[in-house]
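Down below is the structure, laid out as structure tokens.
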Amino acid sequence: MPNALDKTEFERLFKNEFKGLVLFSIQYVKDYEAAREIVQEAFIGLWDKRSQIDPARQVKSYLSTTVRNRSLNYLRDNRKFDTRLLTQENLFPLASYEQTDNLVVKELQDKIHEAVSELPERCREVFLLSRNEHLKYQAIADKLQISVKTVETQMSKALQHLRIRLKDYLPSGYPST
Amino acid sequence: MNTNDTYYTDLITRYLSGEALPEEISELSSWIGSNPEHATLFSEFRKTWESITADQVEQQLDPSKEWEVLLPKLKGIGAQGTGPGAQGQGHRAQGTGPKQEGSGHRAQGSGLRAKAPGQKAPDIESWDPASGIRHLASEKEPKVIQMESNRLPWQVVMIRASLIAAIALVLLIPAWMTYHYFSATDMVRLTASGEVLEAVLPDGTTISLNAYASISYPENYGINNREVILNGQGYFEVNRDSLLPFVITCGSSKLEVLGTSFFVDAEQAAGNMEVVLVDGSVAVYFEDARSTGKTIIPGEKAKLIQTDQRIIISPNEDPNFMAWKTHNLIFLDDRLDMILTTLNKIYQSNITLANENLADCRLTATFSQQSLESVLSVIGVTLDLQSETTPSGIILYGKGCN
């Protein structure tokens, strides 16, 4: 096939799409490291098959499809595949990658940071360890020498606060089918 | 509500942070399903979580660093551009009939004569791949399936197929039940007579209908819907349109895609739908029960049984499911009777065996867009068979393989 992706184009594609695809995968797998892994694997697969894919038309759909399928496989393999939940999350039967393509706008970003800074200290600490360091509840508990139950309570408190604070800034149009 | 009013907030948070166990996921799912207010609350939490995650990914992920991680894992990155995709041509055939060492008959010379009038058995050394079905072959570059030692051949078929994008095979039955569905508008109907019909739908979707297949769609197709009824076998390349899903209806069974390519095989008699996906994504569900729909993962097959509204998912084990269009065939140590079943379906022929022992013969071979005569000739040479053409079909004779 003519015009197969060369290294330069492949690198540009990778750098443009990586974040969006990780975010796409996280929506399914709820795990940052697993999502990174899935997207890396998808690009390795694309590289192997680049001679068979029309760069102009099929690359993005190949990537989003692969990421989506691998993410669903991950859920299935971990017995976390639940049709009703995924449907409620607009991830099933079909989800479009474009939905997550444009990341957070600046205004929302500021609001998120503001809302996080309002959290009580312990609560914020727990929340940031989970979000920024990608630690599991157990790992946070170990690190802060508190119980897993406390981590759970703090996490849910944080999310509850953020939900109320960000309500008016979040994109509407989240149809619950 | 649970007595502990943070119970479900905790559960939702656990779920969104990836901490929930399978049992907890089921519990959350039931809770959400039990009350629309629960669903709304969940959606709010989820939306909040999503934007926080997006923000965090945006800030933390450094694509340049990720690229450095990826680079060592890419094969042959030094050699730029050229893929491994050199496409060979032709076929290889190897008999593995009698299970004894060194037995592999090589296909050479011309053994079996398919007595089609005015046609002699083609020379093995010089197959003309285009001598297959011409109105198919002319449309695209010939695709050739070749076996590779480190891969299962049917995976090779799948990779080749992904050239076109996503492919699914569907058995849709019975289409007539769905005609009432569109009765409000005038329907456009396309029917293929004896051979494959190529057509472009108003939205740019291209379809190939196999012999005797037909497709119907409303006159306003492409404007406020993309819904079709298919009867028979078809191959679709659906133009992407994220606002208007492309839907194939069969009774209450539905197949839905936004933009992809797939094969469809619709039989009116039996009442069910079957989908085989090679790549891409296709959703299947029953009318009025969308939320219980399923999405097929490449390599899997979904069977929709209309009477009891069941969807069964299993691995696809037939590498030749799209051979009716490609005329690329692959047999891997397959029994001769199974091979003839496939050939009869693909070439709409009626080839039978003169005696039962022949059924046990096994053959490993690939064929690329060859005529039935070519295929039979290779099989004949490989398994030492003769053929006779009768008014009702072709009969194969031979000693059989022990």
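The values are calculated or read from the model by the stated rules, or taken from the named source; none is laboratory data. Small disclaimer: the values here were computed from a predicted structure and weren't measured. Heads up, the Cβs are rebuilt from the backbone with ideal geometry, glycines too, and the neighbour counts pull from every protein chain shown. For the accessible areas, the whole protein counts, side chains as well, though only heavy atoms, and no ligand, DNA or RNA atoms are used. Shrake-Rupley method; radii C 1.70, N 1.55, O 1.52, S 1.80 Å.
Does region B:359-378 contain any residue that is in a loop (DSSP other than H, G, I, E, B) and open to solvent by 30 Å² or more (accessible area, probe 1.4 Å)?
no
Could you check, for region B:23-45, whether at least one of its residues is in contact (Cβ under 8 Å) with a residue 24 or more places away in the chain and facing chain A (nearest Cβ under 7 Å)?
Yes, region B:23-45 contains a residue that is in contact (Cβ under 8 Å) with a residue 24 or more places away in the chain and facing chain A (nearest Cβ under 7 Å).
Residues to consider are B:TYR221, B:TYR212; find the one that is modelled with pLDDT of 85 or more and over 19 Å from the mean Cα position of the chain (by Cα).
Residue meeting the stated conditions: B:TYR221.
Enumerate the pairs (first residue in region A:147-172 and more than 9 Å from chain B (Cβ to nearest Cβ) and closer than 13 Å to A:PRO120 by Cβ; second residue anywhere and open to solvent by 20 Å² or more (accessible area, probe 1.4 Å) and assigned to a helix (DSSP H, G or I)) with beta-carbon separation below 9 Å, excluding pairs fewer than 6 apart on the same chain, so at least 6 apart or on different chains.
Once the first residue is more than 9 Å from chain B (Cβ to nearest Cβ) and closer than 13 Å to A:PRO120 by Cβ and sits in region A:147-172, its partners that are open to solvent by 20 Å² or more (accessible area, probe 1.4 Å) and assigned to a helix (DSSP H, G or I) give A:THR150/A:ARG122; A:THR150/A:LEU144; A:GLN154/A:ARG122; A:GLN154/A:ARG124; A:GLN154/A:GLU125.
Out of the residues in region B:279-315 that are acidic (Asp, Glu) and more than 17 Å from the chain's Cα centre (by Cα), which is farthest from A:ASN90 (Cα to Cα)?
This residue is B:ASP308.
Within region B:223-240, restricting attention to residues that are out of contact with any Leu (no Cβ under 7 Å at 6 or more places or on another chain) and assigned to a loop (DSSP other than H, G, I, E, B), which residue is least open to solvent (accessible area, probe 1.4 Å)?
Residue satisfying both the conditions and the ranking: B:VAL238.
Consider B:ILE311 against the criteria (1) surrounded by 20 or more Cβ atoms within 10 Å (Cβ to Cβ); (2) in the same structural domain as B:PHE286 (by TED's automatic domain parsing): it satisfies all of them except one. Which criterion is unmet?
(1)
Give the number of residues within region A:67-77 that are more than 18 Å from B:PRO63 (Cβ to Cβ) and either among the hydroxyl-bearing types (Ser, Thr, Tyr) or open to solvent by less than 40 Å² (accessible area, probe 1.4 Å) (or both).
7
Residues that are more than 7 Å from chain B (Cβ to nearest Cβ), surrounded by fewer than 21 Cβ atoms within 10 Å (Cβ to Cβ) and either in contact with a Gly (Cβ under 7 Å, 6 or more places away or on another chain) or within 25 Å of B:ILE25 (Cβ to Cβ) (or both): does region A:39-47 have at least one?
yes
Tally up the residues in region A:150-166 that are open to solvent by 20 Å² or more (accessible area, probe 1.4 Å) and closer than 15 Å to A:VAL116 by Cβ, please.
Selection size over region A:150-166: 7.
Can you tell me which residues in region A:8-28 are in contact with a Phe, Trp or Tyr (Cβ under 9 Å, 6 or more places away or on another chain) and at the interface with another protein chain (Cβ under 7 Å from one of its Cβ atoms)?
Residues satisfying the conditions are A:GLU11, A:PHE14, A:LYS15, A:PHE18, A:VAL22, A:ILE26.
Could you tell me which numbered condition A:SER51 fails, if it satisfies all but one of (1) in contact with a Gly (Cβ under 6 Å, 6 or more places away or on another chain); (2) modelled with pLDDT under 75?
(2)
Over 18 Å from B:GLY251 (Cα atoms) and either in a strand (DSSP E or B) or within 14 Å of another protein chain (Cβ to nearest Cβ) (or both): does that describe B:SER314?
Answer is yes for this residue.
Working only within region B:54-75, note down all residues that are at pLDDT below 90 and open to solvent by less than 20 Å² (accessible area, probe 1.4 Å).
B:ALA54, B:ASP55, B:GLN56, B:VAL57, B:LEU61, B:LEU74
Taking the conditions exactly as written (open to solvent by 20 Å² or more (accessible area, probe 1.4 Å), aromatic (Phe, Trp, Tyr) and under 12 Å from the mean Cα position of the chain (by Cα)), does A:TYR32 satisfy them or not?
Details: open to solvent by 20 Å² or more (accessible area, probe 1.4 Å): yes; aromatic (Phe, Trp, Tyr): yes; under 12 Å from the mean Cα position of the chain (by Cα): yes.
Considered against the rule, which asks whether it is open to solvent by 20 Å² or more (accessible area, probe 1.4 Å), aromatic (Phe, Trp, Tyr) and under 12 Å from the mean Cα position of the chain (by Cα), A:TYR32 comes out as yes.
Looking only at region B:326-346, which residues are surrounded by fewer than 21 Cβ atoms within 10 Å (Cβ to Cβ) and more than 18 Å from the chain's Cα centre (by Cα)?
Passing the criteria: B:LEU332, B:ASP333, B:ASP334, B:ARG335, B:ASP337, B:MET338, B:THR341, B:ASN344.
Here is a check on your reading of the model: is B:LYS65 more than 7 Å from every other protein chain (Cβ to nearest Cβ) and basic (Lys, Arg)?
yes
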